[in-house]
Amino acid sequence: MRILLLFLLTFTNFCFAQKSSVLHIDSIPKAGILLDKNWKWHAGDNPDFAKADFEDSKWEGIDP
């Protein structure tokens, strides 16, 4: 019984020790955020495409 109690207390401690992943947005323009223009498109899939400094100037521009 003591082992079960020790296990439950330890498990509960680990559950509450996790970081919360919350996204905070400080401000949004009154007009909102427009997502309907200035998109770029390229055929294929590469993990490097997700990098912020990836060179995409030669990609085709589209307006969905």
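Bear in mind these aren't lab numbers, they're just calculated from the coordinates by the rules spelled out. These figures come from a predicted structure and were not determined experimentally.
Pairs of Lys residues in the chain that lie 8 or more places apart, or on two chains, and have C-alpha atoms under 27 angstrom apart add up to 6.
Pair-distance distribution P(r) for the chain, from all Cα-Cα distances in 10 Å bins starting at 0: 14, 21, 22, 15, 15, 11, 3 percent.
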